[in-house]
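Written out below as structure tokens is the structure these notes cover.
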Amino acid sequence: MTAPEPPSELEPAGDIPEELTITLDERRVSFVLDEELYPRDAIYGAAYLFVDRAWIFLTRPADRQVEVRLKPKDVDRVERGTLEALAGEFANELLNQVLRQRVGASTRALREYTLARALFTDDTQSSIDALLAELDAEELEEDELEISVPWRTEPTSADPEGTGG
Amino acid sequence: MRTTVTARALPVVPEALGFFRWARIGDRVLLTNDAGEFSFLSEPDFRAFLSDTLSPDHPQRATLQRQGFLRRGLDVNGLAQRIRRKRAFLGNGPHLHAVITTLRCNQSCRYCHASRADLSRIETDMSLATAKSVVDFAMQTPSRHLNFEFQGGEPTINFDVIKFIVEYSREKNRHEGKELVHSVVTNLTAMDEGKAEWLIANDVLVCTSLDGPEDLHNWNRLWAGRGAGNAWSEVMKWIAYFNRRYVELGRDPDLWHVDALMTVTSKTLPRWRECVELYLQLGIRSIHFRPLNPFGFARKTWQTIGYTPQAFSATYEALLDHVIELNLAGEQIIEGTAATFLKKILTPDDPNFVDIRSPVGSGTGQLAYAHDGTIYPSDEGRMIAAMGDDLFAIGHVERSSFEEIVQHPTVRAIAVASLLDSLPGCSDCYNAPYCGVRPLHNYMHSGDLFGQRPNTPKCQEHMAISRALFSRLAADADGSLEGIFRRWVIERPRSRDTQPPQTR
């Protein structure tokens, strides 16, 4: 029997609780996050989006835990409701970040392939691919000389003549 | 004190999804992808989309599949081709070449970004020899389209250099075969009939600054000293002259007319409606409501003329709604920045507007040539140099090779600092397919090329504009607004290969 693999940096290991316990004082709000539920990059990502509104302090109170303390920059308007709302928005953004990371990790190979095809495949290759696709689609025995195989592709901004060259 | 906040996690089956970014716009969820395509979903549909429980006969399923948001049935090659088309500007090389014919200017605008010099400072004129080197250098660009944009100072004060560059570049182009455009960004207060007729006869596009009604324009754009007059009256006079002559010469006034740019100061904000009315009266069909840049005099006069990004955005939204209402009533008028974003949102192409693209066009889509032949990645680099910081000087037209310039470490650094796919806050932002960051703005604002996205005025401005457009599209039940927006992105033949002047 092998030991279970440690949780991935990108994937939360368990169900994320719907409630987050927060601590309030007069000027700041804080909460502790479990890195096994909220990957560190998700915490960083959420924190980054709050840099215009709050001073953000991250500490490590225990192994695989991150404490987030938010202190609003607009000190004249700090009240309990404001702090709770700030914490609530942060919690929502954390969930968004977790989702972004899961989608990003799941689609990474697909996206790299698509972008490589988009940016590093020349038009000649594209036209060959298009031609091969057409050959696959057509029944060649009906056109033994392949007279109907088009050599022109649809015009694009990169190839306004549609020469495919 | 301890309490709890509630946030509901979203169930997701990532294996069923293509790559997408998203945001909540009102009560809808907006999905976007690398090809710039978008779809709105209701919150329940978004949850069904994420958890792969969207009904097979859901009315949006086929669209989501075609756009590449769903993994099943994804046409990878088709998506790659759409991305390729959207990023067609990559590798084209600089097409916009800003030429500073002189630093001399007869005006001293409160927000001047252009580092003006007094009229006596003839040593700040570009020489004909330097002008020739500029043309020889610029025409090495691999770009098939090339726009020489004359700026200053007031560029028409050194009119001989404008004439020389237009004539020499056309002569040289007999062998190059590029699509050449020439445009001049002028305050029109040093114009005379001789210059005007030459510009008209030689198809040089004319763009001026018009900041609104007379008192507002003249307050923003000071004209003092010997020969000074009423700047607004001169602008009115020459707009009328050019537009009349275009008609007399049989040119289509929809295509040939003086364009105008507006720079917004704190005095403009409460008077935006008057500005729109003036543009309508003058038949100027594109109003470009531009915020101040953190360059030049504007940094010194910010206390008087500046405002918060929030104040600008609120005014912008009011103006946008008014312009939309005018369109619904049959007027043909557009807002310039909205049109740039809409072209990215609603069409398969990118307008290649050098200031709003990824990476930014500085050095890769445009170059700027100071009066002494020093080369900068953009006119902003030249403005920063005029403020005493030559960090962005990357060479000289008589001493640098084209390869050295476009591969300069500074150009590379700017590209890295503006590639949205790799920037925190941008890489997963729904607006990434449509947005662009300005590293030189960041440098002026925070002292480094990257800046912190949420703290940069450009991020706040672009997000406000994008949200304003998408929230209105989300509420566009009968498609009438989209119809208007689609008219805004139709390119006119005259401007097909022309960038509107972007800086000044």
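The values are calculated or read from the model by the stated rules, or taken from the named source; none is laboratory data. Note that this is a predicted model, so its numbers are computed, not measured. Glycine gets a Cβ as well: all are built from the backbone with ideal geometry, and neighbour counts include every protein chain shown. When the accessible area is computed, the model is the full protein with side chains, heavy atoms only, and any ligands, DNA or RNA have been set aside. Shrake-Rupley method; radii C 1.70, N 1.55, O 1.52, S 1.80 Å.
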Query raised in the report: If you plug each phi of the range B:438-455 into the Karplus form 6.51 cos²θ - 1.76 cosθ + 1.60 with θ = phi - 60°, what whole-Hz ³J(HN,Hα) values come out, in order, with x for Gly and Pro?
Result: 10, x, 6, 4, 4, 4, 6, 7, 10, x, 9, 5, 8, x, 9, 3, x, 8
Report task. Work out the FRET efficiency for B:Glu15 and A:Asp76 from their Cβ-Cβ distance, taking R0 = 51 Å, and round it to the nearest 0.05. Result -> 0.60
**Report entry** Estimated inter-spin distance, B:His445 and B:Ala228, nm [label 7 Å along Cα→Cβ]
**Finding:** 3.3 nm
Query - the range B:201-278 versus the range B:30-107: alpha-carbon centroid distance in Å - result: 37 Å
Query raised in the report: Working from the pairwise distances between different alpha carbons, so that the mean of 1/r is found and then inverted, what is the protein assembly as shown's Kirkwood radius in Å?
Result: 27.4 Å
Report summary line: Probe 1.4 Å, all chains present, heavy atoms only: A:Asp74 accessible area in Å², nearest 10, is 80 Å²
Report summary line: For B:Val206, the accessible surface traced by a 1.4 Å probe with all protein chains present amounts, in square angstrom to the nearest 10, to 0 Å²
Query - Charge dipole (debye, nearest 20) of the range B:178-217; +1 at Cβ of Lys and Arg, -1 at Cβ of Asp and Glu - result: 240 debye
Requested in this report: Can you tell me the FRET efficiency between A:Arg40 and B:Ser427 if r is taken as the Cβ-Cβ distance and R0 is 22 Å, rounded to the nearest 0.05?
Outcome: 0.85
Query raised in the report: Can you list the residues, at least 5 places off or on another chain, whose amide H is less than 5 Å from the amide H of B:Ala260, using H built in the peptide plane?
Result: B:Thr208
Query raised in the report: What is the distance in Å between the Cα centres of the range B:348-387 and the range B:280-343?
Result: 22 Å
Query raised in the report: Counting only protein heavy atoms and using a 1.4 Å probe, what share of the accessible area of the range B:402-473 belongs to carbon plus sulfur, as a whole percent?
Result: 59 percent
Requested in this report: Please tell me which of these pairs span more than 24 angstrom C-alpha to C-alpha: B:Lys267/B:Lys458; B:Lys267/B:Lys300; B:Lys300/B:Lys343; B:Lys195/B:Lys237; B:Lys132/B:Lys458; B:Lys172/B:Lys344?
Outcome: B:Lys300/B:Lys343; B:Lys132/B:Lys458; B:Lys172/B:Lys344
Query raised in the report: When the dipole is taken about the Cα centre of the protein assembly as shown, and only Lys, Arg (+1) and Asp, Glu (-1) are charged at their Cβ, what size is it in debye, to the nearest 20?
Result: 2360 debye
Query raised in the report: Under a 5 Å amide H to amide H cut-off, with H placed in plane at 1.01 Å, what residues pair with B:Ser51 once short-range neighbours are removed?
Result: B:Val13
Query raised in the report: To the nearest 10 square angstrom, what accessible area does B:Tyr369 show with a 1.4 Å probe?
Result: 0 Å²
Query raised in the report: What distance in nm separates the simple spin-label points at A:Arg64 and A:Ala105, each placed 7 Å from Cα in the Cβ direction?
Result: 1.3 nm
Query raised in the report: How large is the dipole of chain B about the Cα centre if only Lys and Arg carry +1 and Asp and Glu carry -1, each at its Cβ, rounded to the nearest 20 debye?
Result: 760 debye
Requested in this report: For the range B:95-136, just the Cα set please: Rg and Dmax, both in angstrom.
Outcome: 12.0, 35
Query raised in the report: How many nm is it between the label spots at B:Asp252 and B:Gln407, if each spot is 7 Å from the Cα in line with the beta carbon?
Result: 4.3 nm
Query - For A:Leu33, residues with placed amide H under 5 Å, excluding near neighbours - result: A:Val66, A:Glu67, A:Val68
Requested in this report: Hey, for a label at A:Ala116 modelled as a point 7 Å past Cα toward Cβ, could you say which residues of the range B:12-34 have their backbone N under 20 Å away?
Outcome: B:18-20, B:34
